[in-house]
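Structure first, then comments.
Coordinate-derived values only; no laboratory data. These figures come from a predicted structure and were not determined experimentally. For neighbour counting, all protein chains shown are included, and Cβ atoms are generated from backbone atoms with ideal geometry for every residue, glycine included.
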Amino acid sequence: MLVERIDNVAVAVENLDEAVEYFTSLGFTLTSVEPIEGEWIELSLGIPGVSAESAMLEAPLGETRLQLIEFAHPAPKAPASVAGPGTVGNIRIAIVVENIEETAAVAVAGGGKQLGEIQQMADAYKVCFIQAPQHVTLLLLEELSIGGSAYPKV
């Protein structure tokens, strides 16, 4: 097997402190904040002089990590518009939550925008899309049955 697991999902953000505050309000735990700089990152990205600050957050069960990165050099480029669902290149992070209504309320209170209504997806999940700050789309999932899946096996 080539892929063992997904270690983390990285998202470039405009303001690291604001992004960390938002995601910790949803239940993520901040585990580290570190600079990213030096020859290894310059050569691996192919960007001379690149420097950034990275915050690593862990999901409550520790299965997946979220890395938030604020670039100092080169200067960050904000998207011309917020790329929502259906836009090629859109970043969507799906997170399983215990109570979707409560989590959606916290996400909106923290600056997110609920994109539609909370809906049930097959017998497996309740779903809710949030346009979070920093141009990230969240998919909140509340599991309705243990081991269920709305996605058929191929």
*asked:* Suppose we filter Phe71, Phe28 for residues that are under 13 Å from the mean Cα position of the chain (by Cα) and not β-branched (Val, Ile, Thr); which single one remains?
replied: Phe28
_Residue pairs meeting the criteria (Cβ under 7 Å; at least 6 apart or on separate chains; first touching a residue at least 12 places away in the same chain (Cβ under 8 Å), in the range 20-38; second exposed (fewer than 14 other Cβ atoms within 10 Å of the Cβ) and not in a strand (DSSP E or B))_ = Gly27/Pro60
*When the range 11-22 is examined, which residues are found to be out of contact with any helix residue (DSSP H, G or I) (no Cβ under 9 Å at 6 or more places or on another chain) and surrounded by 14 or more Cβ atoms within 10 Å (Cβ to Cβ)?*
Leu16, Val20, Glu21
*Mind listing whichever residues of the range 26-53 are of a type outside the set (A, V, I, L, M) and surrounded by 14 or more Cβ atoms within 10 Å (Cβ to Cβ)?*
Gly27, Phe28, Glu37, Glu42, Ser51, Glu53
*Being surrounded by 12 or more Cβ atoms within 10 Å (Cβ to Cβ) and of a type in the set (S, T, N, Q) is the filter; apply it to the range 95-121 and report the residue that is farthest from Val9 (Cα to Cα).*
Gln120
*Would you pick out the residues in the range 23-54 that are among the aromatic types (Phe, Trp, Tyr), in a helix (DSSP H, G or I) and under 17 Å from Val13 (Cβ atoms)?*
Phe23
_Quick check on Gly62: is it in a loop (DSSP other than H, G, I, E, B) and under 22 Å from Val108 (Cβ atoms)?_
no
